[in-house]
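Beneath this line is the structure, given in structure tokens, with notes to follow.
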Amino acid sequence: MVNFYTPQKKKLTPQKLTVTVSSLDTFGQGVANHKGKTIFVKSALPDETVDIELTENKKNYAKAKVIRYHNQSKDRVRPQCEYYQQCGGCELQHIAPNLQQQAKYDALINLLQKETGKPLTNIIENPPQIIADQPYHYRRRARLSINIIKGKLVIGFRQAESNQIINIKHCPVLVDELDSLLAPLQSILNCIKQKKALGHIELISVDSGIILVLRHTMPLVDDDINLLKQFAENNKISLYFHGKDLVHITGNTEHFYFINHLKLTFSPLDFIQVNSKINQKMIEQALDWLTLQPSDQVLDLFCGMGNFSLPIATLSKTLTGIEGIDALVEKAKFNTILNSTEICAETNFLTSNLDDTQQISRWSQLKYNKVLLDPARAGAFNATIAIAKLAPSKIVYISCNPATLARDSKQLIEAGYQIDQVAILDMFPQTKHIESMLLLIKSGT
């Protein structure tokens with residue numbers, strides 16, 4: 001048997017330094033410089049001088065934690081959550097909202113310039129466009145993990161950099177009606193017999209009411225079912241169990257929210273934007289950038305159940321929505337019929353895998369003069385190639401991933417487009433997630 005030599009990992013020699021933070025990086029870490037090396041300092045803010053200890057030391061950069069603050073930034077605020085620094089969900093609560101937003105905007109601009117090779121002079125010369133609302137009590141949807149510790153059930157979110165579940169009885173980023181449910185929900189779940197059968201919990205609050213989806217890994221006994229059903233009825237909750245299939249237990253079965261006076265129905269497992277106020281402002285901004293006219297022929301890619309499609313269809317001549325999931329296409333069609341008195345456009349919704357180049361012909365043969373797309377984190381690499389060939393005058397790109405947004409924008413710029421507007425969507429305050437939207441226009445139009 002051959003024995004291979006495995007060198008021992010080199011231990012990091014504790015190194016303490018004093019630095020002054022100059023800026024924030026994309027993840028809300030302080031950025032300092034020491035003897036030409038960039039140091040990322042967790043929990044430090046610009047203009048703060050801090051004593052630090054290195055936690056990671058690479059050739060070109062290092063990471064560090066703060067040992068002592070010599071002074072504190074005017075943008076440092078007191079976190080509202082009692083679980084801050086335990087729960088891994090909202091790691092930027094110590095940063096004032098305006099600085100969070102500005103840091104995200106700057107990071108996006110820098111990435112776009114770097115990846116596309118084009119200076120955004122026309123953007124930088126103007127004040128940043130930041131679409132924001134309230135920094136807390138904004139989240140209308142949340143997934144809670146479940147754990148059993150010494151026979152007692154706890155619900156909450158994962159600890160920072162860990163799989164451990166932090167027991168949560170209050171969460172200030174949830175809308176009030178969901179936040180107030182956490183403690184009684186934990187109490188009732190501790191009363192059931194089959195605690196080990198539970199997976200996770202999905203909580204949703206929309207205009208039609210509260211939805212609770214309970215994931216389970218084995219069938220629940222009748223006593224547990226009746227207990228949970230009674231709890232749901234007492235709290236006016238639509239309750240679903242999700243084992244192999246989604247099963248309605250009690251409460252309403254029609255779930256909807258309103259945008260632009262339009263009613264959008266969805267099922268409990270469908271994706272909806274978690275921040276209703278930013279969703280509404282995002283739609284309004286998209287419509288403003290598109291400057292829709294009664295003669296416009298609009299293409300909405302990754303249309304889902306019609307979050308953008310329906311508002312667009314109230315202002316345009318035609319609207320074609322493309323989505324990869326059949327069930328969502330059917331919902332978009334249903335929602336169009338539901339709001340037929342408000343919709344003036346001829347609408348057409350199609351199922352097509354937007355990552356599959358062989359399916360592009362299903363939607364790329366028609367003429368469109370304006371396009372909106374709102375892809376998932378993977379972006380829309382193949383779709384943007386097809387969009388460029390369609391040569392619309394305006395493209396609005398909604399993104400939840402700056403990296404794929406920059407990649408796809410580069411393709412469009414190489415095809416003769418330019419970035420005319422950039423906006424940050426403060427969809428997830430207190431977190432490092434960057435949501436954004438771009439307006440790209442065809443050069444010469």
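For the pair Ser22 and Arg377, label points projected 7 Å from Cα toward Cβ lie 3.1 nm apart. Per residue, the accessible area of the stretch 290-445 comes to 39 Å², computed with a 1.4 Å probe over protein heavy atoms only.
Under 19 Å of direct C-alpha separation, and excluding same-chain neighbours fewer than eight residues apart, Lys74 reaches these lysines: Lys42, Lys104. Computed extension gain for Asp270 through His433, at 0.36 nm per residue and net of the alpha carbon distance, reaches 56.6 nm. To the nearest 0.05, how large is the calculated FRET efficiency for Lys263 and Ile124 if R₀ is 56 Å and r is the Cβ-Cβ distance? In this case the efficiency is close to 0.90.
Just so you know, the Cα atoms of the chain work out to an Rg and Dmax of 24.6, 78 Å.
FRET efficiency for Lys150 and Glu177, Cβ-Cβ distance as r, R0 = 35 Å, nearest 0.05?
Computed FRET efficiency for Lys150 and Glu177: 0.65.
Projected onto planes of every orientation and averaged, the convex hull of the alpha-carbon atoms in the stretch 208-318 covers 8.4 nm². Using a probe of 1.4 angstrom and keeping all protein chains present, the accessible surface of the stretch 151-201 works out to 46 square angstrom per residue. Could you report the accessible area of Phe40 in Å², rounded to 10, computed with a 1.4 Å probe on the protein chains as they sit in the structure? Roll a 1.4 Å probe over it and Phe40 shows about 50 Å².
Averaging over all projection directions, find the projected area of the Cα convex hull of the stretch 74-162 and quote it in nm² with one decimal place. That works out to 8.8 nm², a quarter of the Cα hull's surface. Place a label point 7 angstrom from the Cα of Ser393 along the Cα-to-Cβ direction, then list the residues of the stretch 400-424 whose backbone nitrogen is under 19 Å away. Of the residues in the stretch 400-424, 416-421 have backbone N under 19 Å from the label point off Ser393. Highest mean first, the peptides 214-225, 166-177 sorted by other C-beta atoms within 10 Å per residue fall in the order 166-177, 214-225. Would you tell me the accessible area of Met427, worked out with a 1.4 angstrom probe on the heavy atoms of the protein chains, in Å² to the nearest 10? Here the residue's solvent-accessible area equals roughly 0 Å².
The values are calculated or read from the model by the stated rules, or taken from the named source; none is laboratory data. Because the structure is a prediction, the values reported are computed rather than measured. Because the Cβ atoms are built from the backbone with ideal geometry, glycine has one as well, and the counts that use them run over all protein chains shown. Just so you know, the surface numbers come from the protein's heavy atoms only, side chains and all, with ligands and any DNA or RNA stripped out. Shrake-Rupley method; radii C 1.70, N 1.55, O 1.52, S 1.80 Å.
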